[in-house]
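Step one of this worksheet: look at the structure below.
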2 protein chains.
Amino acid sequence: MFASETQFVEWLSRLVPGRGRGLLLGIGDDAALVRAAADRDWILTTDLSIESVHYLRHLHPAASVGQRALARALSDVAAMGGTPRFALVSLALSQEAPRSWLQGLFGGISRLARRYDVAVIGGDTAIVSGPTVIDVVVVGEVRKGEALRRSGARPGDQIFVSGSLGLSALGLCLLKAGSRSRAAWASAALRAHCHPEPQIRLGQFLSRQHLASALIDLSDGLSSDLGRLCRSSGVGARIWAERIPVPRIGRARGAHQWDPLQLALHGGEDYQLLFTVPAAKVSRIRSNFHGVHLFQIGEIQRSKKILLLRAGAKPEELHPAGYDHFRKLLP
Amino acid sequence: MFASETQFVEWLSRLVPGRGRGLLLGIGDDAALVRAAADRDWILTTDLSIESVHYLRHLHPAASVGQRALARALSDVAAMGGTPRFALVSLALSQEAPRSWLQGLFGGISRLARRYDVAVIGGDTAIVSGPTVIDVVVVGEVRKGEALRRSGARPGDQIFVSGSLGLSALGLCLLKAGSRSRAAWASAALRAHCHPEPQIRLGQFLSRQHLASALIDLSDGLSSDLGRLCRSSGVGARIWAERIPVPRIGRARGAHQWDPLQLALHGGEDYQLLFTVPAAKVSRIRSNFHGVHLFQIGEIQRSKKILLLRAGAKPEELHPAGYDHFRKLLP
């Protein structure tokens, strides 16, 4: 079919009509951007959440499925520095799902929507014989010209990430292992996985203060999303393994198989932000933004390679190994 | 689960946060309506097209699946009198679909998008083990305050429909029967089913000229959609069977089972428009709008019943018998 999502997206953008009056940014960034009014741009994004792909019916509570589905789309708005306003929810519902599941799903969506003052204004619903498919559309707004893109990183810019990476992937490991640990590290991981919070305020801060040269959200893992940001910007990067905020792993069944750095590099669904800051503005980035920690993990370079540097080891090239819907089809 | 989509939509609108700054119309009409600029409102709609529900893999060509998926959403914009501008396409693609199918699908979407000057600006894609699910989001615009709704019909208003009703359902009958007829009546039905055209220009005309008091598109069949318009407006209707533009049926295998009036009353996916016009403005409705015929089929009444009148027969109550995703689950 296609070797990767990147290939598919490139194929698609050549095929479909991609120009229109008022269109600022089409296929290829976290979201699309259009001019809505003289002083305001609108951000449009749509995200699928699919049973057995994005969630497991017998593992994820319905409310968590709802919260994660909406968080994915809100995070795309955060990744452009915008404010989410409206959501539409399309639902191809498995005929096996009971009404209580539907109640849980929309309960999870509603709670997160209320927290960010997002109105649910429409959608579509059908019953299917296959797995449930949820598509969440979010409309956000941003002041004219202030939306941040993936494509603005320049050599010498410093690379930052928010929060803790790999925490959601660790939460999934715990869920799958059936862990009942109530230790703080395990609770944090389960919370990050089941009830992710999009980094709306951080994205707004970065765009309004004109601090970031490029911004992307970490939905598919650092190795994949840093690769996308670099490809869009026509640059490469060097990151220091010791600077990456890896998750703390305590004692649990199966825990010996979980490598904190691998989880942080390739684990998806953290919905943290990855951004680049020109050297002259780095001093304005605080290490703690309203309780969210910010970490300086590397630097943009002219060479298009992405290198992972470790103390006492040779630099190694970092290849995308996060989730890719097309790649997983390959042998 | 729920006895009907109407019940589900009522349940859902109580559950989710449905108010927001700038929101003019939320869940319950053909599309949502929000204030985008001082002089302009935006229409937002999303429509699912699902394998084995909305189309059959071995019967519908891929390009037809694409055109029908986009036409469904464009028709919702027509049903508010708006102009479509942008589309996003989310695709949960069956792992069994070959690349040629994907090419056909997006080819069909692209051709229709180009015809209406709609830019495809984003979406999401994943591979699934079940049936393919396509969700098309369309953003349209309309001058401030000019969007037409389902809810404005008043007793005495005259009821009009465009085009020919039941033609798409007849096309599906022909497809299923494997008909190879090339007669004009059969070609028209197959074209209406496989390559529907949304009535964008007619919707724009009705809203800009302030001619219609209420407007809805015929996506699920006259009996269902007239019922929705009447329920939203708090009124009922009388329609004359002889006035309904039923499809012409010639000779074909199985044709003796196809009843033109039943197809016109309950067949879905015609994407024609159903609208009501105050008596004082009826003289301004031409019978031919740029090649699309307009038919006066009945009248809005205070009593909430919907009556079907036939020459020489007792009035009978018309109940919704178009497609309903929830109702089909009931025994």
**Prompt:** Exactly one of (1) touching a His at 6+ places or on another chain (Cβ under 9 Å); (2) at pLDDT 90 or above is unmet by B:Arg35. Its number?
**Reply:** (1)
**Message:** Out of everything in the range B:161-210 that is hydrophobic (A, V, I, L, M, F, W, C) and out of contact with any helix residue (DSSP H, G or I) (no Cβ under 9 Å at 6 or more places or on another chain), what residue ends up being nearest to B:Val282 (Cα to Cα)?
**Reply:** B:Leu206
**Request:** Please go through the range B:306-327 and pick out each residue that is assigned to a loop (DSSP other than H, G, I, E, B) and within 22 Å of the chain's Cα centre (by Cα).
**Result:** B:Leu318, B:His319, B:Pro320, B:Ala321, B:Gly322, B:Tyr323, B:Asp324, B:His325, B:Phe326
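With respect to B:Leu88, is the statement that it is modelled with pLDDT of 95 or more and assigned to a strand (DSSP E or B) true?
Values: modelled with pLDDT of 95 or more: yes; assigned to a strand (DSSP E or B): yes.
Criteria met by B:Leu88.
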**Asked** If you take the residues of the range B:117-152 that are of a type in the set (D, E, K, R) and farther than 22 Å from B:Leu48 by Cα, which of them is nearest to the chain's Cα centre (by Cα)?
**Response** B:Glu146
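Working carefully through the options A:Ala177, A:Ala153, find the one that is more than 13 Å from chain B (Cβ to nearest Cβ), touching a residue at least 60 places away in the same chain (Cβ under 8 Å) and in contact with a Gly (Cβ under 7 Å, 6 or more places away or on another chain). I'd like the intermediate steps shown before the answer.
Details: A:Ala153 fails: in contact with a Gly (Cβ under 7 Å, 6 or more places away or on another chain).
Of A:Ala177, A:Ala153, the one residue that is more than 13 Å from chain B (Cβ to nearest Cβ), touching a residue at least 60 places away in the same chain (Cβ under 8 Å) and in contact with a Gly (Cβ under 7 Å, 6 or more places away or on another chain) is A:Ala177.
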**Asked** Do we find that B:Gly140 is part of a strand (DSSP E or B), more than 8 Å from chain A (Cβ to nearest Cβ) and among the small types (Gly, Ala, Ser) in this structure?
**Response** yes
**Message:** Here are the criteria: (1) of a type outside the set (Ser, Thr, Tyr); (2) part of a strand (DSSP E or B); (3) surrounded by 24 or more Cβ atoms within 10 Å (Cβ to Cβ). Tell me which single one A:Gly171 does not satisfy.
**Reply:** (2)
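Could you pull out the residue among B:Asp217, B:Asp270, B:Asp225 that is assigned by TED's automatic domain parsing to the domain that holds B:Arg180, in a strand (DSSP E or B) and touching a residue at least 12 places away in the same chain (Cβ under 8 Å)? First the steps, then the outcome.
Details: B:Asp270 fails: in a strand (DSSP E or B); B:Asp225 fails: in a strand (DSSP E or B).
Result: B:Asp217 is the single residue among B:Asp217, B:Asp270, B:Asp225 that is assigned by TED's automatic domain parsing to the domain that holds B:Arg180, in a strand (DSSP E or B) and touching a residue at least 12 places away in the same chain (Cβ under 8 Å).
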**Message:** Can you tell me which residue is modelled with the lowest pLDDT among those in the range B:99-129 that are within 8 Å of chain A (Cβ to nearest Cβ) and in a loop (DSSP other than H, G, I, E, B)?
**Reply:** B:Ser129
**Fill in**
Taking the range A:8-62 and keeping residues closer than 30 Å to A:Lys176 by Cβ and among the small types (Gly, Ala, Ser) leaves A:Ser49, A:Ser52, A:Ala62
**Fill in**
Quick count over the range B:137-165, residues being in contact with a Ser or Thr (Cβ under 7 Å, 6 or more places away or on another chain) and under 30 Å from A:Asp324 (Cα atoms), is 2
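Looking at the range A:176-198 only, could you name the residues that are hydroxyl-bearing (Ser, Thr, Tyr) and either outside any helix (DSSP H, G or I) or at pLDDT below 95 (or both)?
We begin by selecting, within the range A:176-198, every residue hydroxyl-bearing (Ser, Thr, Tyr); these are A:179, A:181, A:187.
Once the filter is applied, which keeps residues that are hydroxyl-bearing (Ser, Thr, Tyr) and either outside any helix (DSSP H, G or I) or at pLDDT below 95 (or both), the range A:176-198 yields A:Ser179, A:Ser181.
Checking the conditions here, which among A:Val139, A:Val133, A:Val120, A:Val128 is closer than 30 Å to A:Ser213 by Cβ, surrounded by 19 or more Cβ atoms within 10 Å (Cβ to Cβ) and of a type in the set (A, V, I, L, M, F, W, C)? I'd like the intermediate steps shown before the answer.
Working: A:Val133 fails: closer than 30 Å to A:Ser213 by Cβ; A:Val120 fails: closer than 30 Å to A:Ser213 by Cβ; A:Val128 fails: closer than 30 Å to A:Ser213 by Cβ.
Exactly one of A:Val139, A:Val133, A:Val120, A:Val128 is closer than 30 Å to A:Ser213 by Cβ, surrounded by 19 or more Cβ atoms within 10 Å (Cβ to Cβ) and of a type in the set (A, V, I, L, M, F, W, C), namely A:Val139.
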**Request:** Give just the number: which of (1) surrounded by 23 or more Cβ atoms within 10 Å (Cβ to Cβ); (2) in contact with a helix residue (DSSP H, G or I) (Cβ under 9 Å, 6 or more places away or on another chain); (3) among the charged types (D, E, K, R) does B:Asp225 not satisfy?
**Result:** (2)
**Prompt:** When you go through (1) part of a helix (DSSP H, G or I); (2) more than 7 Å from every other protein chain (Cβ to nearest Cβ); (3) surrounded by fewer than 23 Cβ atoms within 10 Å (Cβ to Cβ) one by one for B:Glu96, which number turns out not to apply?
**Reply:** (1)
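The values are calculated or read from the model by the stated rules, or taken from the named source; none is laboratory data. Just so you know, these numbers come straight off a predicted model, no measurement behind them. Every residue, glycine among them, receives a Cβ derived from its backbone with ideal geometry; neighbour counts consider all protein chains shown.
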